Amino acid sequence: MVKDKSLRDKIVQIHRETRRHGRVIEETRVKELRHPGYGDPASDEPAGFKDAPVFIVVCADPRTLQATVLASNFYFGEGAPMATFLKNVGNATMLIHLAAASLGLGSQWVSVNNTWEGPVKELLGIPRVLGVHTIVPIGYPAYKVPPPYRRKLNEIVHYDGYDKSKFRTDEQISEFLVGLRQRTTPSYRV
């Protein structure tokens with residue numbers, strides 16, 4: 001947990017620097033699908049997270065994979081050898097978000113990738129063997145968050161087998177993604 005403002009400011013600066021690289025990559029995407037958080041080249045501000053009074057830096061030790069069934073490291077049906085580990089860390093991160101929400105606090109999922117994991121580890125003295133998976137800024141929301149878009153349950157739940165009438169073509173998926181981006185973009189401009 002990082003409460004020290006000078007450390008939080010340094011983490012924000014590290015994040016800003018890596019966002020510049022991410023924006024270049026994001027600009028190669030079809031315009032309608034670009035992530036709105038990377039849309040303005042003049043601003044590399046991590047919207048909403050720089051002022052949070054607390055950052056929870058979610059670290060995990062991949063050596064704990066030894067506790068899982070050995071076969072999961074060889075059968076790639078779940079994604080890759082690290083899939084079980086990453087799912088566990090993702091679940092822990094989600095529980096942090098749920099706990100914050102239950103207390104009336106706001107939180108944000110800030111994924112840490114390999115371009116800024118090293119500098120964050122160095123700044124905070126995190127041992128090299130540990131992974132920094134996520135940073136969860138927590139605080140009181142500065143504004144009312146718009147309700148999230150949710151698909152209706154009858155669109156996504158299948159009973160007693162896959163309902164083929166719910167299968168979407170590639171074109172329908174593309175249309176869905178463009179519509180989803182249009183619905184979620186306003187929340188990045190608050």
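Of the residues in segment 163-170, none is loosely packed, with under 10 Cβ neighbours inside 10 Å, modelled with pLDDT under 90 and over 20 Å from the mean Cα position of the chain (by Cα). Candidates in segment 24-51 are the residues that are of a type in the set (D, E, K, R) and within 25 Å of Leu124 (Cβ to Cβ); of these, the one that is modelled with the highest pLDDT is Asp51. Looking across segment 97-141 at every residue that is touching a helix residue (DSSP H, G or I) at 6+ places or on another chain (Cβ under 8 Å), part of a loop (DSSP other than H, G, I, E, B) and hydrophobic (A, V, I, L, M, F, W, C), the one that is surrounded by the most Cβ atoms within 10 Å (Cβ to Cβ) is identified as Val112.
Table: residues versus (1) among the acidic types (Asp, Glu); (2) under 16 Å from the mean Cα position of the chain (by Cα).
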{"residue": "Ala99", "(1), (2)": "no, no"}
{"residue": "Ser111", "(1), (2)": "no, yes"}
{"residue": "Glu117", "(1), (2)": "yes, yes"}
{"residue": "Val120", "(1), (2)": "no, no"}
{"residue": "Gly125", "(1), (2)": "no, no"}
{"residue": "Gly131", "(1), (2)": "no, yes"}
{"residue": "Thr134", "(1), (2)": "no, yes"}
{"residue": "Ala142", "(1), (2)": "no, no"}
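Yes or no: Val54 closer than 21 Å to Tyr140 by Cα, in contact with a Gly (Cβ under 9 Å, 6 or more places away or on another chain) and either surrounded by 13 or more Cβ atoms within 10 Å (Cβ to Cβ) or at pLDDT 90 or above (or both)? Taking the combined requirement at face value, the residue satisfies it.
Look at segment 1-21 and say how many of its residues are surrounded by 14 or more Cβ atoms within 10 Å (Cβ to Cβ), in contact (Cβ under 8 Å) with a residue 40 or more places away in the chain and under 19 Å from the mean Cα position of the chain (by Cα). Going through segment 1-21 one residue at a time, the tally reaches 6. Name the residues in segment 1-20 that are at pLDDT below 85 and farther than 15 Å from Pro119 by Cα, would you? Hit for segment 1-20 is Arg20, nothing else.
Test Val157 against the stated conditions and say whether it is under 18 Å from Lys3 (Cβ atoms) and of a type in the set (A, V, I, L, M). Spelling it out, it is not the case that Val157 is under 18 Å from Lys3 (Cβ atoms) and of a type in the set (A, V, I, L, M).
The values are calculated or read from the model by the stated rules, or taken from the named source; none is laboratory data. Just so it is clear, the structure is predicted and the values come from calculations on it, not from any experiment. FYI the Cβ positions are ideal-geometry reconstructions off the backbone, even for glycines, and counts take in every protein chain you see.
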